[in-house]
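To keep things clear, I will list the structure first and then write my remarks on it.
The values are calculated or read from the model by the stated rules, or taken from the named source; none is laboratory data. Just so we're clear, the structure is a prediction, and the values are computed from it rather than from any experiment. With ideal geometry, Cβ positions are generated from the backbone for all residues, glycine too; neighbour counts draw on all protein chains shown. In case anyone asks, the SASA skips ligands and DNA or RNA and just uses the protein heavy atoms, side chains included. Shrake-Rupley method; radii C 1.70, N 1.55, O 1.52, S 1.80 Å.
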Amino acid sequence: MKIHCKYDELIPVENLRPYDKNRNNHPEEQIERLAKLLRYQGIRAPLVVTKTQGGVPIIAKGHGTLAAIKLNGWNKAPVVYQEFENEEQLYSYVQSDNAISAWSDLDFEAINIDLVDLGPDFDIDHLGIKDFVLDMSEKEEDQQESGSKKGKFKCPECGYEGKS
């Protein structure tokens, strides 16, 4: 396990407890991809935990990361400790952290263009994008005709197809 972030402590995974009101669900496929990403990248952000009155570290951010760490067979996780004023603030933090990232949109057209520069050996699974497909056939034709790096892309979420 490679760790590339600052953290307060490495904690055995069996000592970490999920927040019982975390309403985010992580499908098995997502955890498998995240585990692969962690093997490739290492851990670049620690889990955020808070301690209960009993001193048990409760996860506020990083439930999926913990599941991926376990899937990789790693026995410790890096954590940072944060305190919350009350249960309402903890609840709000957990749900908002889960929800706010869903507001963003990836620019698949730009990613499609970027991938050409990364070379043929780049594993697109390392992008974490579900069902991403790169159509190199038209890219090769376009490059031969105009010397450009344009081609087709397909959004894996909505199915939109276009030219980059």
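Selection of segment 49-74 for residues being under 18 Å from K2 (Cα atoms), outside any helix (DSSP H, G or I) and either touching a helix residue (DSSP H, G or I) at 6+ places or on another chain (Cβ under 8 Å) or in contact (Cβ under 8 Å) with a residue 60 or more places away in the chain (or both) yields N72, W74.
Taking S101, is it part of a helix (DSSP H, G or I), open to solvent by 50 Å² or more (accessible area, probe 1.4 Å), modelled with pLDDT under 85 and of a type outside the set (K, R)? Show your work before the answer.
Details: part of a helix (DSSP H, G or I): yes; open to solvent by 50 Å² or more (accessible area, probe 1.4 Å): yes; modelled with pLDDT under 85: yes; of a type outside the set (K, R): yes.
Taking the combined requirement at face value, the residue satisfies it.
Is one or more of the residues making up segment 144-161 open to solvent by less than 80 Å² (accessible area, probe 1.4 Å), touching a Gly at 6+ places or on another chain (Cβ under 9 Å), at pLDDT below 80 and not in a strand (DSSP E or B)? Yes, the conditions are met somewhere in segment 144-161. The residue of segment 126-137 that is modelled with the lowest pLDDT, among those that are within 24 Å of E32 (Cβ to Cβ) and either open to solvent by less than 50 Å² (accessible area, probe 1.4 Å) or part of a strand (DSSP E or B) (or both), is L134. Would it be correct to say that W103 is closer than 23 Å to F132 by Cβ and of a type in the set (F, W, Y)? Spelling it out, W103 is indeed closer than 23 Å to F132 by Cβ and of a type in the set (F, W, Y).
Which is over 30 Å from F122 (Cα atoms), small (G, A, S) and open to solvent by less than 40 Å² (accessible area, probe 1.4 Å), of G55, G42? Break it down stepwise before answering.
Values: G42 fails: over 30 Å from F122 (Cα atoms).
Step by step, each of G55, G42 is checked, and only G55 is over 30 Å from F122 (Cα atoms), small (G, A, S) and open to solvent by less than 40 Å² (accessible area, probe 1.4 Å).
All conditions in (1) in contact (Cβ under 8 Å) with a residue 40 or more places away in the chain; (2) of a type outside the set (F, W, Y); (3) over 25 Å from H63 (Cα atoms); (4) surrounded by 15 or more Cβ atoms within 10 Å (Cβ to Cβ) hold for V94, with the sole exception of (3). Of all residues in segment 1-36, those that are buried (at least 18 other Cβ atoms within 10 Å of the Cβ), touching a residue at least 60 places away in the same chain (Cβ under 8 Å) and within 15 Å of the chain's Cα centre (by Cα) total 2.
Criterion first (modelled with pLDDT under 95, surrounded by 18 or more Cβ atoms within 10 Å (Cβ to Cβ) and touching a Leu at 6+ places or on another chain (Cβ under 7 Å)) does P78 satisfy it? Taking the combined requirement at face value, the residue does not satisfy it. Within segment 78-95, count every residue that is in a helix (DSSP H, G or I) and over 23 Å from K6 (Cβ atoms). Number satisfying all stated conditions: 6.
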